[in-house]
1. Counting Lys +1, Arg +1, Asp -1, Glu -1, what net charge surrounds S133 among other residues with beta carbon under 12 Å of its beta carbon?
2. Compute a Gaussian network model of the chain, connecting alpha carbons closer than 10 Å, and tell me which residue from V62, V44, V12 fluctuates the most.
3. Quick one: P(r) of the chain from all Cα-Cα pairs, 5 Å bins, percents rounded to integers, in order of increasing distance.
4. Just name one of L113, Q27, I99: the one whose Cα is farthest towards the positive end of the charge dipole of the stretch 3-151 (beta-carbon charges, Lys/Arg +1, Asp/Glu -1).
5. Could you grab the relative contact order for the chain? Cα pairs under 8 Å, six or more apart, rounded to a whole percent.
6. If the chain between F114 and E86 were fully stretched, how many nm would it gain, using 0.36 nm times the residue separation less the Cα-Cα distance?
7. List the trypsin sites (Lys or Arg not before Pro) in the stretch 8-107 that DSSP assigns to loop (not H, G, I, E or B) and whose Cβ has at most 15 other Cβ atoms within 10 Å. Which are they?
8. What does DSSP give for the chain in terms of the percent of beta bridges that are antiparallel, rounded to the nearest 5?
Amino acid sequence: MDLRSYLDQHSVAYEWLSHPDVYTAQQLAEHEHTPGDSVVKPVVIEADGRCVLCALPASYRVDLQELQRELRADEVQLASEEKLRELFGECELGAEPPIGALFGMPMVMDESLFADDEVTFQAGTHQNAVRMSFFDFFRLARPRVAHFAVHA
């Protein structure tokens, strides 16, 4: 996983941010002085045994029942840490970029992310993040849009 190369290959304008260790999307928002609604956090779920990367604002949480309805799945659960290590081997656990295509994974994005012109997200380490326009993020991520997140 080389996020910078991926962004450059897709001609995306972005800002590469460096900061002290942050371990949650909310901490990233605080450190970058960015509203939590503008920081994208990835949550990986298993829907009927298939991994799906979900993207939502840092200040929200996944409503698993709503997500299950949206995905028309019989069973939905959060992916285990072991599964995350398998899927995102080159990333530090908890610092995965929320771009499913980068990892060959289907992606669903909560509609609440449309509210911001700009998004920020971890770049694979606890010391780096990316800031870019929402439009470029959306174009790059090619997610299915759904409603599955609620304010935390």
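1. Overall, the nearby charge balance is -3.
2. Looking only at V62, V44, V12, the largest GNM fluctuation is found for V12.
3. Cα pair-distance distribution for the chain, in percent: 2, 10, 21, 24, 23, 14, 5, 1, 0.
4. Positive-end residue among those listed: I99.
5. Reported relative contact order: 31 percent.
6. The span from F114 to E86 would gain 7.1 nm if fully extended.
7. R72
8. Percent antiparallel among DSSP bridges in the chain is about 75.
Bear in mind these aren't lab numbers, they're just calculated from the coordinates by the rules spelled out. These numbers come from a predicted model, not from an experiment. With ideal geometry, Cβ positions are generated from the backbone for all residues, glycine too; neighbour counts draw on all protein chains shown.
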